[in-house]
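Remarks on the structure that follows.
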Amino acid sequence: MGSEKQAFEVEPLGDHEYLVRVHSSDEDAEAWVRVTPEVLAALAIEIDEPTLVHRTVAFLLRHQDASDFPAIIELEDVLDSYPDYRSALTG
């Protein structure tokens, strides 16, 4: 589980796609995130895409190390895997 505070940045790539770079003392990691209309509907919360991606990465870093991130973070998978994900986005 992720415990070390890790800095990260979210870079919008256009077309609802984002590149996430996580910086840690061990190594840097990158992941790609695409925000689909389906996941926005499933989340049913008012949040802009960059904020959604930022909060998702912060949430995931509380649960795992960046080195364990997949190359592509599927928000649908995060929603299905973590019961507290939706509430963490709004809290």
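In debye, nearest 20, what is the charge dipole magnitude of the chain about its Cα centre with +1 on Lys and Arg Cβ and -1 on Asp and Glu Cβ, if you could check?
Charge dipole, the chain, about its Cα centre: 320 debye, nearest 20.
Let me check against my output: what whole-number percent is the relative contact order of the chain, with C-alpha pairs under 8 Å and at least 6 apart?
In percent, rounded to a whole number, it is 32.
Going by alpha carbons, how many degrees (0 to 90, nearest 10) lie between the helix axis of 49-63 and the longest principal axis of the chain?
Its long axis makes an angle of about 50 degrees.
Hull surface divided by four, with the convex hull built on the Cα atoms of the stretch 7-90: how many nm²?
Quarter of the Cα hull surface area: 5.0 nm².
Every read-out reported here was derived from the displayed coordinates using simple, explicitly stated rules and does not represent laboratory data. In this text the structure is predicted, and so the values were computed from the model without any measurement. A quick note on method: Cβ atoms are made from the backbone with ideal geometry, for glycine too, and the neighbour counts reach across all protein chains shown.
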